[in-house]
Amino acid sequence: MKTVKRICAVIIGFVLFGAGILKLMDPVGAGLVVGEYFNFLHIGFLAPVSKAAGVGMALLETLLGAALITGVAPRVTGIVSAVVLGLFTVLTFVLWLVNPAMDCGCFGEAVHLTHGQSLLKNVILCVLWAVAYLPLGATPVPRKVKNVSFLIVTLSVIAFMIYSLVSIPSMDFTPFKPGVTLQQSLTSPDPESPLLSICDAEGDYRDELLASGPVLVLSVYDELPESAAAKLRDAAEEAGNVLKVLLVDAGGMLEGASFSSDRRTLMSLNRSNGGATLLCDGMVTAKWPLRSLPSSECLSELVGQKPAEAMMQQNTPKRLKFQGFLLYVFAVLLLL
């Protein structure tokens with residue numbers, strides 16, 4: 001029976017850890033999900049703290065998942081996981097009843113569940129928790145080395161969170177992920193392809209500017225400090241020697257921006273406020289955060305390649321690093 005209890009706890013742990021790490025990888029997306037929940041619960045006035053709340057909740061999920069996998073502090077872990085799973089189940093039950101037009105955000109942008117599927121998932125996790133932790137006193141105590149495993153993973157996850165806060169997601173699951181082609185570049189309509197619409201100063205749509213050739217889109221969806229805005233303008237001037245550059249904001253966010261678009265769309269295009277997105281013949285090829293905007297030499301090399309090759313060159317290393325991080329973490333959790 002002890003083996004069955006551990007297996008149930010580990011399954012819950014993997015689900016919570018996976019859900020948490022995917023949201024930690026995308027702090028902006030986590031904030032958007034929490035913002036939708038705030039609006040649903042009629043507490044939209046908390047919107048300014050939605051990103052912090054999303055990151056905090058994702059960190060709790062990740063570390064709770066690690067604690068369940070390692071089995072550390074079984075009584076405390078059992079109580080905390082019961083509270084978290086209970087709240088999730090109640091909330092998803094309400095969503096299932098009301099059925100609002102929003103995503104549960106359980107796994108960030110990576111996996112989209114209906115409200116019914118999300119509720120079923122949480123009910124199953126609650127059943128697994130009952131098997132794993134009832135009665136609480138019967139939960140086996142892990143080996144002391146597992147405390148070391150949990151500490152190493154905790155420090156690693158915190159480092160990963162800090163990196164994610166100053167960068168863009170290592171794996172992009174947004175509609176504008178690298179490799180997709182914009183609708184306006186397709187000869188035949190495809191409802192699966194995203195549409196990036198921009199307007200000029202007169203309010204006319206200029207989507208055709210994004211449809212062909214190499215284009216660097218510098219997008220701003222919130223106000224920037226003057227130093228950051230100056231850095232963005234300098235990058236635009238330098239990149240303009242290599243390819244077409246479009247400064248796009250969410251309306252009045254950046255002085256000198258020639259085009260505007262929907263704020264939520266710009267946040268999906270590039271999670272970094274002031275980030276750069278390279279389009280080659282309408283294909284999303286590469287993205288950079290504000291802190292590491294591409295040089296003219298880098299852009300010149302990329303636009304000289306085929307779009308698919310440039311996309312693979314820019315994005316494969318980031319994906320492999322994230323997968324390597326996950327392998328390292330699970331090795332520490334399971335083998336140490």
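The values are calculated or read from the model by the stated rules, or taken from the named source; none is laboratory data. As the structure is a prediction and not an experimental result, all values here were calculated from the model. Quick reminder, even Gly has a Cβ in these numbers, built from the backbone with ideal geometry, and neighbours come from all protein chains shown.
Consider the stretch 96-109 and keep the residues that are out of contact with any Asp or Glu (no Cβ under 9 Å at 6 or more places or on another chain) and outside any helix (DSSP H, G or I). The one that is farthest from PRO169 (Cα to Cα) is ASN99. Filtering the stretch 278-304 down to residues that are assigned to a loop (DSSP other than H, G, I, E, B) and surrounded by 15 or more Cβ atoms within 10 Å (Cβ to Cβ), which residue is farthest from the chain's Cα centre (by Cα)? Filtering first and then ranking leaves ASP281. Residue count for the stretch 181-203 satisfying the condition of being touching a helix residue (DSSP H, G or I) at 6+ places or on another chain (Cβ under 8 Å) and assigned to a loop (DSSP other than H, G, I, E, B): 9.
Take SER272 and decide whether it is buried (at least 16 other Cβ atoms within 10 Å of the Cβ), at pLDDT 95 or above, assigned to a helix (DSSP H, G or I) and out of contact with any Asp or Glu (no Cβ under 8 Å at 6 or more places or on another chain). Criteria not met by SER272.
Determine if the stretch 22-31 includes at least one residue that is free of Cβ contacts under 8 Å to residues at least 60 places away in the same chain and buried (at least 18 other Cβ atoms within 10 Å of the Cβ). Scanning the stretch 22-31, I find at least one residue that is free of Cβ contacts under 8 Å to residues at least 60 places away in the same chain and buried (at least 18 other Cβ atoms within 10 Å of the Cβ), so the answer is yes.
For the stretch 215-227, residues that are modelled with pLDDT under 95 and in contact with a Leu (Cβ under 7 Å, 6 or more places away or on another chain) total 1.
Quick check on the stretch 308-315. Is at least one of its residues of a type in the set (D, E, K, R), under 17 Å from the mean Cα position of the chain (by Cα) and more than 14 Å from VAL215 (Cα to Cα)? No: zero hits.
For the stretch 167-180, indicate whether the set of residues that are in contact (Cβ under 8 Å) with a residue 40 or more places away in the chain, in a helix (DSSP H, G or I) and either of a type in the set (Asp, Glu) or in the same structural domain as ALA58 (by TED's automatic domain parsing) (or both) is non-empty. Checked the stretch 167-180: no residue is in contact (Cβ under 8 Å) with a residue 40 or more places away in the chain, in a helix (DSSP H, G or I) and either of a type in the set (Asp, Glu) or in the same structural domain as ALA58 (by TED's automatic domain parsing) (or both).
Mind counting the residues in the stretch 229-257 that are over 21 Å from SER296 (Cα atoms) and either surrounded by 20 or more Cβ atoms within 10 Å (Cβ to Cβ) or among the small types (Gly, Ala, Ser) (or both)? Before you say what the answer is, go through the steps one by one.
Taking the stretch 229-257 first, the residues over 21 Å from SER296 (Cα atoms) are 249-255.
Remaining after also requiring either surrounded by 20 or more Cβ atoms within 10 Å (Cβ to Cβ) or among the small types (Gly, Ala, Ser) (or both): 249-254.
Of the residues in that region, 6 qualify.
Within the stretch 270-293, the set of residues being over 16 Å from ASP26 (Cα atoms) and of a type in the set (Ser, Thr, Tyr) comprises THR277, THR285, SER292. Only residues that are over 16 Å from PHE325 (Cβ atoms) and polar (S, T, N, Q) were counted in the stretch 143-172, giving 1. Cβ-Cβ contacts under 8 Å between residues 6 or more apart (or on different chains), taken from a first residue in the stretch 224-244 that is in a helix (DSSP H, G or I) to a second residue that is among the charged types (D, E, K, R), are listed as ALA229/GLU255. Going through (1) polar (S, T, N, Q); (2) closer than 25 Å to ALA159 by Cβ; (3) outside any loop (DSSP other than H, G, I, E, B) one by one, GLN313 falls short only on (2). Among the candidates ARG233, ARG264, the residue that is farther than 26 Å from GLN313 by Cβ, within 20 Å of the chain's Cα centre (by Cα) and not aromatic (Phe, Trp, Tyr) is uniquely ARG264.
When we screen LEU334, LEU327, LEU247 for residues that are under 30 Å from ALA19 (Cα atoms), at pLDDT 95 or above, within 26 Å of the chain's Cα centre (by Cα) and of a type outside the set (S, T, N, Q), the only hit is LEU327. Restricting ALA19, ALA30, ALA47, ALA58 to residues that are among the hydrophobic types (A, V, I, L, M, F, W, C) and either at pLDDT below 95 or at positive phi (or both) narrows the list to ALA47.
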